[in-house]
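Participant: Quick one: this structure, given as structure tokens, is what I'll be asking you about.
Every number in this text was worked out from the coordinates using simple rules, so none of it is lab data. Because the structure is predicted, anything quoted here is derived from the model rather than measured. Positions of Cβ are generated from backbone atoms using ideal geometry, with glycine treated the same way; all protein chains shown enter the neighbour counts.
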Amino acid sequence: MRADRLVAALLFLQARGRVTAAELAAELEVSERTARRDLEALVASGVPVYAQRGRGGGWRLVGGARTDLTGLTSREVQALFMAAGASGASPELRSALRKLLRAVPEPLRPHAEAASRARIVDELDWSRTAVTAGGPHHTALERAVLDGVRVRLGYARPGDVPHERTVDPLGLVLKAGHWYMVAGTSDGLRSFRLGRVTSAEPTDEPVRRPAGFDLASAWRSLATRLEDRLVAATVTAHADQDALPVLQRLFDGRLSIGRLLADGRREIEAAGPSVEVLAAQLAGLGSRVEVVGPLRAREHLARLGRELMARYGTLHETATT
């Protein structure tokens, strides 16, 4: 622990030029007395540190002595800080990141700091856990975020014709197994699922970053809108006990299990983007789930039943003859 603190103290001196014992104590989360002892230990070990007395004094590195990380390119530094700076990092990793930032040569620090804030991982569940690839344009969009350049983006939702627009890529988010890009558009901040991007052409124009932009805050606002669409409707049903584990996996946090009924089944309520989608999902459990409301869900199931019978009813007739 003492060796770690001495390294951190040296890097802090290197980054600030001059520090007081109180400033170092606050940075290392130790007492001022301990910070002063660490500075004296650096002197005793031969590090060119000296104390300047009086007003405006403090501790300095003699002649601007430095201990730089060498051999790292700008791209490598950005990649490292983007990976290590994602939300959810452990306290140890965040501490290492702070130390590393002070060791990075001065010209690379702004790029490293920007990269550390360019990606987050949202761990709140949207009922999916397996991480999918970000699509063929993931690397290009990540590069645009890091380089701070606008992108001509081709994008298409399922069943739609791709359309193109110029956007300001501001950060990447991993959520429920999918990668999203938060970007500024003519309509304000929007999120784009990377798997639906059909083209990504960087431009020479710099990104227009909103004043005070924070990726985590922007994503929370966008995610709230998405979550509202995911739970826009509810369906009530009676389910066999052995169907409950399947339903829990299917709906995860969008399933409420209610009272035990006289016939041994459970009352459940499932939430989703629409009544029709919920009815279709529950239809897969057959007679183990009986949808009781709303009426529109039951009507949709009846319609599905007629369509399925028309398509597959002859198979049953063939099997019984």
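Participant: Two-decimal Rg/Rh of the stretch 161-258 from alpha-carbon positions, Kirkwood Rh?
Facilitator: Details: Rg = 18.4 Å, Rh = 16.4 Å.
A ratio of 1.12.
Participant: Give me Rg/Rg_expected for the stretch 2-64, where Rg uses Cα atoms only and Rg_expected = 2.2 N^0.38 Å with N residues.
Facilitator: Compactness ratio reported: 0.98.
Participant: I've got another one for you. Could you line up TYR180, TYR155, TYR312 from fewest to most neighbouring Cβ atoms inside 10 Å? Spell out each step's value before the answer.
Facilitator: Numbers: TYR180 25, TYR155 20, TYR312 9.
Ascending Cβ contact count within 10 Å gives the list TYR312, TYR155, TYR180.
Participant: Considering only the other residues whose Cβ falls under 15 Å of the Cβ of GLN52, what net charge follows from Lys and Arg at +1 and Asp and Glu at -1? It would help to have the intermediate numbers written out before the result.
Facilitator: Working: positive: ARG16, ARG18, ARG36, ARG53, ARG55, ARG60; negative: GLU23, GLU40.
Within the 15 Å Cβ shell, the charges total +4.
Participant: Around ARG165, what is the net charge, scoring Lys/Arg as +1 and Asp/Glu as -1 over all other residues with Cβ under 12 Å from its Cβ?
Facilitator: On the way: positive: ARG150, ARG152, ARG190; negative: GLU164, ASP168, ASP187, GLU201.
Here the count lands on -1.
Participant: Name the residue from GLY253, ALA237, GLY305 whose Cα lies farthest towards the positive end of the charge dipole of the stretch 233-320, charges +1 on Cβ of Lys and Arg and -1 on Cβ of Asp and Glu.
Facilitator: GLY253
Participant: Of GLY57, GLN14, ALA41, which is farthest on the positive side of the dipole of the stretch 2-64, counting Cα position, with +1 on Lys and Arg Cβ, -1 on Asp and Glu Cβ, and the Cα centre as origin?
Facilitator: Going by the Cα projections, it comes out as GLY57.
Participant: One-quarter of the Cα convex hull surface for the stretch 138-213, in nm²?
Facilitator: Details: hull surface 20.6 nm².
If I average the Cα hull's projected area over directions, I get 5.2 nm².
Participant: With θ set to phi - 60° and the Karplus curve 6.51 cos²θ - 1.76 cosθ + 1.60, what are the ³J(HN,Hα) couplings of the stretch 155-167 in order, to the nearest whole Hz, using x for Gly and Pro?
Facilitator: Here the 3J(HN,Hα) series is 8, 8, 7, x, x, 9, 7, x, 10, 10, 8, 9, 10 Hz.
Participant: Still on this structure, I have one more. Using only the Cα atoms, work out Rg/Rh for the stretch 233-320, with Rh taken as the Kirkwood radius, to two decimals. Each step should come with its number before you reach the end.
Facilitator: Details: Rg = 13.9 Å, Rh = 13.6 Å.
My calculation puts Rg/Rh at 1.02.
Participant: Can you check what the net charge comes to around LEU301, using other residues whose Cβ is under 14 Å from the Cβ of LEU301 (Lys, Arg +1; Asp, Glu -1)? Don't skip to the end; give the middle numbers.
Facilitator: Details: positive: ARG288, ARG296, ARG298, ARG303, ARG306; negative: GLU276, GLU290, GLU299, GLU307.
For residues surrounding LEU301, the net value is +1.
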